[in-house]
Amino acid sequence: MANFTIVSMVLFFLSLGFKDVSARGDEQSLTIRGFADGETGFWSRNLLLSEDNRFRELEELARGYMTNAELEKSVKEYAQKCRNISRIYSIGTSVKGFPLWVIEISDKPGEEEAEPAFKLLANMHGDEPVGRELLLLLANWLCENYLKDHLATYIVRNIHLHILPTMNPDGFSLRRRGNANNVDLNRDFPDQFFTENNDDNLRQPETKAIMKWMMERKFIASASLHGGALVANYPWDGSEDTRKQYYASPDDKTFRYLASLYSQSHRNMSLSKEFQGGITNGASWYPIYGGMQDWNYIHRGCFELTLEVGDNKWPKAEELPALWKDNKMSLLNLVASVAKSGVHGRILSSKTGLPLPASIKIKDINYTVKAGQRFGDYHRLLAPSQSYDVTAFMPGYESKTTRILLENGAMNLDFVLIPEEEPKDHMDLCNGCQCNCDNKGNW
């Protein structure tokens, strides 16, 4: 009787692995992996049999979804069809050598501009393929509607959008969550609480590719598309004491705003009975460690959401048009938000007039963002309808602070910083303002 109970529990956990609670973190997978990797004999054979049955089931469900080869072909065809507003590039390869293709969409693709950059990626978990399809549909919609639709034109002209349709092509081919090494990539990033996850020699090539990509480009915000639930998830994903509890990041209000923007734009996400308003703090849902979204925010100044775009991890292909319709405006509004909200501007030297790679901090928010090296441009996402004290600072220069009221829209705010040794009397009128002053402080 005891043995039968154990087998029943294992099969029960396997079934949970394809429902909403397992979507982003798969807390049940730790239990499953203990049986699969550490046990032999009867229990292991039954588990493998169940996994084999699930593989055959997913093979049937995969009909109508793009294969990896078809996805690669679609990406390359897109680059030709939409070459006036796009380019493609690879950030690396998977364990089995499949290129991780990215589509960049902009009116000046490949050029560096003083514009915010947003990245979208999907299929981090191999058995969550809906995002692959949605991101190709999004790219094609932007191409077909540029100069025809206001929002499409706005995004192309004001944002550099980078789309990675699949982060885990090997897992997709294997019809399983992990990559070819059976590693959950959403456990593979450096973690703020547990340093044992910080050995780069053990990191997977897909994870390394993402980290290198982030080091090479300055993304203001991003989102990762998952499946198995219907909710917009935001940091922190884990808590310091590992308890299931609300664990807020310094930018909790801004993250709640971004998550709500996605949820409210969705056809039914905000109506969720499980998640109030269709959003959730990750650690409040259940803690995970080594997740991608926390690493993005901590190490690269990138505000990332984990978007669970459907209750079913692998729905039938016939459901994809409806899922696209459900998520279309959410995706578009979220991407546009990096230019349509927050405070943006440039930081210049009063002495040379040249851009400064200074930093921006907000009073009472323990988090800074850094301006770009080439243009001195900064893009600081903030929740609207509030007042903020915005400070630009850099070693060797006097800091400047300006108080703003951020309403429903973005604000442009340039700073001119004075070297510490330079007299400042003639610059007082220009403190933090967008003004044109002569060397006597006259407008």
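The values are calculated or read from the model by the stated rules, or taken from the named source; none is laboratory data. Just so we're clear, the structure is a prediction, and the values are computed from it rather than from any experiment. Neighbour counts are summed over all protein chains in view; Cβ atoms, including those assigned to glycine, are modelled from backbone coordinates with ideal geometry. Note: areas computed on protein heavy atoms with side chains; ligands, DNA, RNA excluded. Shrake-Rupley method; radii C 1.70, N 1.55, O 1.52, S 1.80 Å.
Tabulated values for the structure
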quantity: The lone exception for Thr195 - which of (1) touching a residue at least 12 places away in the same chain (Cβ under 8 Å); (2) within 17 Å of Asp294 (Cα to Cα) it fails; calculated: (1)
quantity: Pair list, Cβ < 6 Å and 6+ apart or interchain, from the stretch 85-97 residues that are farther than 20 Å from Asn145 by Cβ and in contact (Cβ under 8 Å) with a residue 12 or more places away in the chain to residues that are of a type outside the set (Asp, Glu) and surrounded by fewer than 16 Cβ atoms within 10 Å (Cβ to Cβ); calculated: Val95/Asn181
quantity: Meets criteria (without any contact (Cβ under 8 Å) to a residue 24 or more places away in the chain and either of a type outside the set (Lys, Arg) or not in a loop (DSSP other than H, G, I, E, B) (or both)) for Glu206; calculated: no
quantity: Gly409 vs. criteria surrounded by fewer than 20 Cβ atoms within 10 Å (Cβ to Cβ) and either under 27 Å from Ser260 (Cα atoms) or modelled with pLDDT under 95 (or both); calculated: yes
quantity: Conditions (1) assigned to a loop (DSSP other than H, G, I, E, B); (2) at pLDDT 95 or above; (3) among the charged types (D, E, K, R); (4) within 24 Å of Thr306 (Cβ to Cβ): number failed by Lys96; calculated: (4)
quantity: From the options Asn281, Asn327, residue that is under 25 Å from Trp141 (Cβ atoms) and either of a type outside the set (Gly, Ala, Ser) or touching a residue at least 12 places away in the same chain (Cβ under 8 Å) (or both); calculated: Asn327
quantity: Test: residue in the stretch 190-202 that is of a type outside the set (Asp, Glu), farther than 26 Å from Ser284 by Cβ and either open to solvent by 10 Å² or more (accessible area, probe 1.4 Å) or not in a loop (DSSP other than H, G, I, E, B) (or both); calculated: yes
quantity: Evaluation of Gly301 against (1) on the phi > 0 side of the Ramachandran plot; (2) under 16 Å from the mean Cα position of the chain (by Cα); (3) crowded, with 23+ Cβ neighbours inside 10 Å (one fails), failing number; calculated: (3)
quantity: Only one of Ile91, Ile32 that is farther than 16 Å from Gly126 by Cα, modelled with pLDDT under 95 and buried (at least 18 other Cβ atoms within 10 Å of the Cβ); calculated: Ile32
quantity: Among (1) aromatic (Phe, Trp, Tyr); (2) in a loop (DSSP other than H, G, I, E, B); (3) modelled with pLDDT of 95 or more, the one test that Trp213 misses; calculated: (2)
quantity: Residue that is farthest from Gly310 (Cα to Cα), among those in the stretch 245-286 that are within 18 Å of the chain's Cα centre (by Cα) and part of a loop (DSSP other than H, G, I, E, B); calculated: Pro250
